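Q: Sending over a structure as structure tokens; questions will come in a sec.
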Amino acid sequence: MTNLDDDMRTYYDQRAPEYDDWYDRVGRYDDPTTNALWHVEVRRLEVFADAFGDGRLLDIACGTGRWTARFATNPRVTSIVGLDQSDEMLGETRARLAKAGQSADLIRGDAYALPFPDASFDCCFTGFFLSHVPLDTVPTFLAEVRRILRPVGQLLIFDSLLPGGKDAPVEVQVRSLNDGSHHRVLKVYYTSETLAEALASIATPDHMATERTGRFFVVGRCRTPGAAAAG
Ligand SMILES: C[S@@+](CC[C@H](N)C(=O)[O-])C[C@H]1O[C@@H](n2cnc3c(N)ncnc32)[C@H](O)[C@@H]1O
């Protein structure tokens, strides 16, 4: 059997052209009972995204570039790098940016070994990626994020809120694609509290905020320590 990392890589490569159906709630994601609330909460994420960032921004695991393109409309953001391990996902981002007349550097790379020097970004975003990071690897991943951020750099995280009724936040899910294929994916759901616990490895409580948008999403924001404390 292939390992979970290989399964997830194949899954996102194949999912790339249909990934945005999830945001748009079309096809297999259409649920008339919750679509309206979903769109309200996506709009809340957009408000967080629009208020975020300045200078040089890194979008880790940028996927189809929905948020990358949003950051590109922010005049305070002077340059953007989108990184993903999937060429297919980066192709979707490239097409989205080209359609909107926007630009960003798109790099195929590993979120766990970011190919950038220390302190090379002013701000960093990652959307719906933390929930694929094994719990015991989260501090290592966040330390890598902190490494590439300048002192007092900003981090914004969007992810999936632990659904009501689920007793355990960690699952190996079997997900389907439109072609009928099935793929195993590690998913770790967060709450405001557990996201704050994760962020505590790189930020102090007075420099972080976590909150839920309602039923679907959780948002974390933090500022990394200043140079004296960067250690
Ligand atoms: C759920 S999608 C999120 C896409 C986008 N950030 C968003 O918010 O819509 C997860 C993304 O993580 C990428 N990914 C998974 N493991 C990765 C890794 N180790 N390094 C870089 N990207 C990775 C996948 O290719 C996929 O594009």
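The values are calculated or read from the model by the stated rules, or taken from the named source; none is laboratory data. From a predicted model like this one, the values you see are computed outputs, not experimental measurements. Because the Cβ atoms are built from the backbone with ideal geometry, glycine has one as well, and the counts that use them run over all protein chains shown. The area values use the complete protein model at the heavy-atom level, side chains included, leaving out ligands, DNA and RNA. Shrake-Rupley method; radii C 1.70, N 1.55, O 1.52, S 1.80 Å.
Q: Yes or no: region 31-49 includes at least one residue that is within 15 Å of the ligand (Cβ to nearest atom), touching a residue at least 40 places away in the same chain (Cβ under 8 Å), surrounded by 14 or more Cβ atoms within 10 Å (Cβ to Cβ) and closer than 21 Å to Asp84 by Cα.
A: Scanning region 31-49 turns up at least one residue that is within 15 Å of the ligand (Cβ to nearest atom), touching a residue at least 40 places away in the same chain (Cβ under 8 Å), surrounded by 14 or more Cβ atoms within 10 Å (Cβ to Cβ) and closer than 21 Å to Asp84 by Cα.
Q: What is the number of the single condition among (1) within 17 Å of Gly63 (Cβ to Cβ); (2) touching a strand residue (DSSP E or B) at 6+ places or on another chain (Cβ under 8 Å) that Arg28 does not meet?
A: (1)
Q: Taking the residues in region 64-84 that are polar (S, T, N, Q) and more than 11 Å from Phe125 (Cα to Cα) as candidates, determine which candidate is most open to solvent (accessible area, probe 1.4 Å). Steps first, please.
A: Filtering region 64-84 down to residues polar (S, T, N, Q) leaves 64, 68, 73-74, 78-79.
Going one step further and asking which of them are more than 11 Å from Phe125 (Cα to Cα), we end up with 64, 73-74, 78-79.
On the way: Thr64: 4, Thr73: 91, Asn74: 15, Thr78: 111, Ser79: 40 Å².
Among them, the one singled out is Thr78.
Q: For region 107-124, enumerate the residues that are open to solvent by 40 Å² or more (accessible area, probe 1.4 Å) and among the hydrophobic types (A, V, I, L, M, F, W, C).
A: Residues satisfying the conditions are Ile107, Ala113, Ala119.
Q: With respect to Asp59, determine if the residue is under 16 Å from the mean Cα position of the chain (by Cα), open to solvent by 50 Å² or more (accessible area, probe 1.4 Å) and touching a residue at least 12 places away in the same chain (Cβ under 8 Å).
A: On the way: under 16 Å from the mean Cα position of the chain (by Cα): yes; open to solvent by 50 Å² or more (accessible area, probe 1.4 Å): no; touching a residue at least 12 places away in the same chain (Cβ under 8 Å): yes.
Answer is no for this residue.
Q: Something else now. Give me the residue from region 74-103 that is in contact with a Ser or Thr (Cβ under 8 Å, 6 or more places away or on another chain) and in a strand (DSSP E or B) and, out of that set, farthest from Leu58 (Cα to Cα).
A: Among residues in region 74-103 that are in contact with a Ser or Thr (Cβ under 8 Å, 6 or more places away or on another chain) and in a strand (DSSP E or B), the one farthest from Leu58 (Cα to Cα) is Asp84.
Q: Pairs only if they're at least six apart or on different chains, beta carbon under 7 angstrom, first in region 107-133 and more than 8 Å from the ligand (Cβ to nearest atom), second open to solvent by 30 Å² or more (accessible area, probe 1.4 Å) and aliphatic (A, V, I, L, M); list them, first residue then second.
A: Correct list of pairs: Pro115/Ile107.
Q: Could you list all residues from region 104-159 that are in a helix (DSSP H, G or I) and touching a strand residue (DSSP E or B) at 6+ places or on another chain (Cβ under 7 Å)? Spell out the reasoning first.
A: Filtering region 104-159 down to residues in a helix (DSSP H, G or I) leaves 130-132, 135-148.
The answer is Leu130, Ser131, His132, Leu135, Val145, Ile148.
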